[in-house]
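This report concerns only the one structure given below.
The values are calculated or read from the model by the stated rules, or taken from the named source; none is laboratory data. Predicted model only: the values in this text are computed from it and were never measured. Don't worry about glycine lacking a Cβ; one is built from the backbone with ideal geometry, like all the others, and counts go over all protein chains shown.
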C-alpha cells in the first residue's frame, strides 16, 4: 500500500476510536478530559473555556485550538462597576503598589506639570517621567503621563468621554480629570481597578467631570453602547512580556503563543471599533521584542490588526524609551547578538465617518494584503 494511504487509514482508525474526535487530542489528553468530568462532546461544548484550560496537560493554546475546531465562542465576563479604592498595597506582577499618598508621603497635589508643551512631531522623548498630580512610577510598564496628556489634548475636546479598556495604573483617567474630560476605565484585574480609583482620589477646582471604573474584559465592553465614546487611549500589554495578572482568568498577557494572543486581541479591537464614535480616535502605545536574538514585530502585527477591523491610521509616532532595563543595564547586554530596542510606537487610528475623504490612506495602502 502507498505510504500516504496507510497514514490516512491509521488516522481514520484513530479518530474512529477517539471519544471526542478532535485533531491533536490524543488518548492521554482525552483521558484527562474524562477524568475532569467531560465524558462527551456535548459536555465539552457546554464547558467553560478557562476551566478546560486548567485540565492537566492542557493550556491556553491547546484549548484555543479546540474551541476553534468546535466553532465555540469563549465567554468573557461583563463589566462590573467598582467604587472602593485601595487602602492597602496591591500586588501587580511581583511588585507591591502603594496608594499615591503613601508613596508620595503627602496629601498635596500638583495639578500642572512643570513643563507642559504639546508635541507637534512624530518623535516623542520624555527622559524624566512625569510625577505631578497622583502619578507614580510604581506600576511597571504603564505609559508616561506625558504620552496620555498629549494624546488626550490632541485627539479629544473638553467634555468628551475617553475610554481606557486596559487601564492598568490609572494614568489615562487621571489626565482626563486634569484636562476636563470624562473617563471610563476598564481592567480585568480588580487590583488595577482599585489602584485607578486611588489615583482618581484628588480634587480639581471647578471640575465637573465624571469617571467610571470597572472590572471587566476588553473583549466584552457590554455596558458601553455602540458609538458612544469620543476617544480611546490605551497602553495594551506587549503580548506576554510582562505578566500583569497571572492569577486572573482571561488575562491577555498570559498568552505565551503569539498567534493566539493576536487572535484574542483582535476581539478587543472589534469592541473598541464598536464603541468609539465615527470620526473618533483610538490611540495605543505598543512595543516590540526579540526572541532567539531575532526581532519580533509585535507593533506591526497590531497595526495591521487595527486596520483589518476597519480603523484608518492617522499617525505613527515614535516614542524614545527611557529608564527601561535595556538602557539601565547596558553592560548586561554588551555581548547580546541583537540590537537593544529603544523605542515604542504610538499609533493613532480613526474610525471612518463616511464623510472625510482619506485619499491614499492606510485603508487603500494595504488593500492588497490579506488582513483577515
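For the reader, a short list of remarks on this structure follows.
- Failed condition for residue 265, given (1) outside any strand (DSSP E or B); (2) more than 14 Å from the chain's Cα centre (by Cα); (3) in contact (Cβ under 8 Å) with a residue 40 or more places away in the chain: (2)
To keep it simple, each residue is scored yes or no on (1) surrounded by fewer than 20 Cβ atoms within 10 Å (Cβ to Cβ); (2) under 17 Å from the mean Cα position of the chain (by Cα); (3) part of a loop (DSSP other than H, G, I, E, B).
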position: 131; (1), (2), (3): yes, no, yes
position: 134; (1), (2), (3): no, no, yes
position: 140; (1), (2), (3): yes, yes, yes
position: 153; (1), (2), (3): yes, no, no
position: 157; (1), (2), (3): yes, no, yes
position: 166; (1), (2), (3): no, yes, yes
position: 176; (1), (2), (3): no, no, no
position: 180; (1), (2), (3): yes, no, yes
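- Counting only residues that are touching a strand residue (DSSP E or B) at 6+ places or on another chain (Cβ under 9 Å) and assigned to a strand (DSSP E or B), the stretch 280-299 holds 11 of them.
- Scanning the stretch 142-151 for residues that are over 19 Å from the mean Cα position of the chain (by Cα) and farther than 12 Å from residue 130 by Cα turns up just one, 150.
For every residue, the table says whether it meets (1) in contact with a helix residue (DSSP H, G or I) (Cβ under 6 Å, 6 or more places away or on another chain); (2) surrounded by 15 or more Cβ atoms within 10 Å (Cβ to Cβ); (3) closer than 18 Å to residue 209 by Cα.
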| position | (1), (2), (3) |
| --- | --- |
| 104 | no, yes, no |
| 117 | no, no, no |
| 126 | yes, yes, no |
| 172 | yes, yes, yes |
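- Filter result (within 27 Å of residue 210 (Cβ to Cβ) and more than 22 Å from the chain's Cα centre (by Cα)) within the stretch 86-102: 86, 87, 88, 98, 99, 100, 101, 102
- The stretch 237-253, subset in contact with a helix residue (DSSP H, G or I) (Cβ under 7 Å, 6 or more places away or on another chain) and at pLDDT 80 or above, residue surrounded by the fewest Cβ atoms within 10 Å (Cβ to Cβ): 249
- Where residue 100 falls short, out of the listed (1) crowded, with 17+ Cβ neighbours inside 10 Å; (2) in contact with a strand residue (DSSP E or B) (Cβ under 9 Å, 6 or more places away or on another chain); (3) in contact (Cβ under 8 Å) with a residue 60 or more places away in the chain; (4) farther than 26 Å from residue 280 by Cβ: (2)
- Test: residue in the stretch 218-226 that is closer than 30 Å to residue 290 by Cα and under 14 Å from the mean Cα position of the chain (by Cα): yes
- Filter result for residue 215 (in contact with a helix residue (DSSP H, G or I) (Cβ under 7 Å, 6 or more places away or on another chain), under 27 Å from residue 85 (Cα atoms), surrounded by 18 or more Cβ atoms within 10 Å (Cβ to Cβ) and at pLDDT 95 or above): yes
- Positions within the stretch 26-51 being under 28 Å from the mean Cα position of the chain (by Cα), assigned to a helix (DSSP H, G or I) and surrounded by fewer than 18 Cβ atoms within 10 Å (Cβ to Cβ), in sequence order: 45, 50, 51
- Index of the failed condition, residue 89 passing every other in (1) in contact with a helix residue (DSSP H, G or I) (Cβ under 9 Å, 6 or more places away or on another chain); (2) without any contact (Cβ under 8 Å) to a residue 24 or more places away in the chain; (3) in the same structural domain as residue 29 (by TED's automatic domain parsing); (4) surrounded by fewer than 17 Cβ atoms within 10 Å (Cβ to Cβ): (3)
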